[in-house]
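The values are calculated or read from the model by the stated rules, or taken from the named source; none is laboratory data. Fair warning: this is a prediction, and the values are worked out from it, not measured in the lab. In this analysis, Cβ positions are derived from the backbone assuming ideal geometry, glycine residues included, and neighbour counts consider all displayed protein chains.
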Amino acid sequence: MRIEVFGTGCAKCKRLEKNVHEALAKSGIKAEVIKIEDIDAITDRGIMVTPALAIDGDVKLMGKVPSVDELVEFFRA
Amino acid sequence: MLFGALQSGIDGLIEYVSQHTLTCLIPAFFIAGAIAAFVKKEAILKYFGPQTKKYVSYPVASISGLVLAVCSCTILPLFTGIYKKGSGLGPAVTFLFAGPGINILAIIYTAQVLGYDIGIARAVAAIGMSLLVGLIMATLFRGEKHMGEFKLLSSGGDKPKWVILSFFLLLGLILVIGASQLDWLVKLPIVYALTLVVAYLAIYHFERDEITDWGMETWDLTKKILPILLIGTFAVGVLAYFLPPETFAPYLGNNSISANLIASVLGAILYMPTLLEVPIIGTTFGYTTGAMAAGPALALLLAGPTISAPSLVVLARVMGVKKTLTYAVLVVIMSTIAGMIFGSLVG
């Protein structure tokens, strides 16, 4: 699984990245986490609100930071 | 001399903290945090799509800063998104100009510290001028088209409208009553009672996660804005010791074209961290003591937060040098005009 975290370095973006790592550790799911900070690269993916999260190239979340448990459910689905 | 300068800085800081922080800024941060946590951005963003009629997207762009632009770090990504993927250059520029002028923290702080007349004038002028700047930019650079996907995801979970409405109404009331001139003996019980009702709503009508979100958003904003504002206010006080506002009075103390133009150009170049424009105008340029006239004060409030030398560099990367310079010139012209109008109305 490839997880991309989009964010320009705002507090929420950092929290999303932290939660993603915690959720992966908690669930034992193996995934590659990539952080994308360049504003042009973010907009090119059609993302309007940061932070955002994509799984295997599909943007799944925008503008909010789910809790660790929600993320675990999310990765399992 | 060093002692005097420090004293001046500390005095300024104490004055702002005691007069404005508790009664105005703390409730304002909670409201801004609630907006960030509870207002569905998708509901507004859908009006920025490439297919949206222009007579819808422009007005929405001019007022949506109220809820979308609470933090300046969200403005640039949204601007880039609207410009490249959504409604295009015009509405994007309108959003960029209006955002910092009408976000809720800015309006409240401006009104509270500098006066209600200039606070309202700032919001009204930001909306009006941003529409003009957006339309002019779109006309000057028409014919360029961007294509791409415009993605929106709904972030589920709907709450009854009355809950959200009464929630924001209560927070607004706490702010207004807290900042009012009422006696403390009257004020305190009312604010206390209102806080209890907010707590009731929070406990029985919101999920635990939502309240955590609210707290996180409020804390994020406070952490980001307050330290810089406090340090900045102190610096403004120290600066006032060496450079009293009377220094600027010959240039900014009247409502002439040149005074308004100087204020606009200053605003366009200087970088002012969120909210710091308020003590800079109040103390450094002496609007509160009468050294700066009303027109230039408004011109500086309008041009200041929307562009600065560093933000122009970033903008140039997004939309190119030519458009960025045109935008900067338009902002200076429009802010000057708005300042002239306000100056003649008040003076």
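Structure above, values below:
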{"item": "1 or more residues more than 10 Å from chain B (Cβ to nearest Cβ), modelled with pLDDT of 90 or more and within 24 Å of B:ASP220 (Cα to Cα): qualifying strands (runs of 3 or more DSSP E) within chain A", "result": "A:2-6, A:32-36, A:52-55"}
{"item": "Hits in segment B:197-214 - residues which are outside any helix (DSSP H, G or I) and of a type in the set (D, E, K, R)", "result": "B:GLU207"}
{"item": "Enumeration of residues in segment B:36-78 that are surrounded by fewer than 24 Cβ atoms within 10 Å (Cβ to Cβ), of a type outside the set (Ser, Thr, Tyr), in a helix (DSSP H, G or I) and modelled with pLDDT of 85 or more", "result": "B:LYS54, B:VAL56, B:PRO59, B:VAL60, B:ILE63"}
{"item": "Test for B:GLY172: is it more than 14 Å from chain A (Cβ to nearest Cβ), within 30 Å of B:ILE307 (Cα to Cα) and crowded, with 17+ Cβ neighbours inside 10 Å", "result": "no"}
{"item": "Breaking point among (1) crowded, with 19+ Cβ neighbours inside 10 Å; (2) within 15 Å of B:MET137 (Cβ to Cβ); (3) of a type outside the set (Phe, Trp, Tyr); (4) at pLDDT 95 or above, for B:ILE307", "result": "(4)"}
{"item": "Failed criterion for B:ILE262 (all others in (1) in contact with a Phe, Trp or Tyr (Cβ under 7 Å, 6 or more places away or on another chain); (2) in contact (Cβ under 8 Å) with a residue 60 or more places away in the chain hold)", "result": "(2)"}
{"item": "Residue check, A:ILE55 touching a residue at least 40 places away in the same chain (Cβ under 8 Å) and touching a Phe, Trp or Tyr at 6+ places or on another chain (Cβ under 8 Å)", "result": "yes"}
{"item": "Condition broken by B:VAL265, with the remaining ones in (1) at pLDDT below 90; (2) surrounded by fewer than 24 Cβ atoms within 10 Å (Cβ to Cβ); (3) over 22 Å from B:TYR241 (Cβ atoms) satisfied", "result": "(1)"}
{"item": "Which numbered condition B:ILE228 misses (of (1) under 24 Å from B:LEU25 (Cβ atoms); (2) in a helix (DSSP H, G or I); (3) touching a helix residue (DSSP H, G or I) at 6+ places or on another chain (Cβ under 9 Å))", "result": "(3)"}
{"item": "First in segment B:44-68 and farther than 10 Å from B:PRO91 by Cβ and away from every other protein chain (no Cβ under 13 Å), second anywhere and among the small types (Gly, Ala, Ser) and assigned to a helix (DSSP H, G or I), Cβ under 6 Å, 6 or more apart", "result": "B:GLY65/B:ALA98; B:GLY65/B:GLY99"}
{"item": "Members of segment B:291-321 that are touching a helix residue (DSSP H, G or I) at 6+ places or on another chain (Cβ under 9 Å), of a type outside the set (A, V, I, L, M, F, W, C) and over 21 Å from B:LEU105 (Cβ atoms)", "result": "B:GLY295, B:PRO296, B:ARG317"}
{"item": "Enumeration of residues in segment B:9-65 that are within 15 Å of B:ALA179 (Cβ to Cβ) and of a type in the set (Val, Ile, Thr)", "result": "B:VAL17, B:THR21, B:THR23, B:ILE26, B:ILE31"}
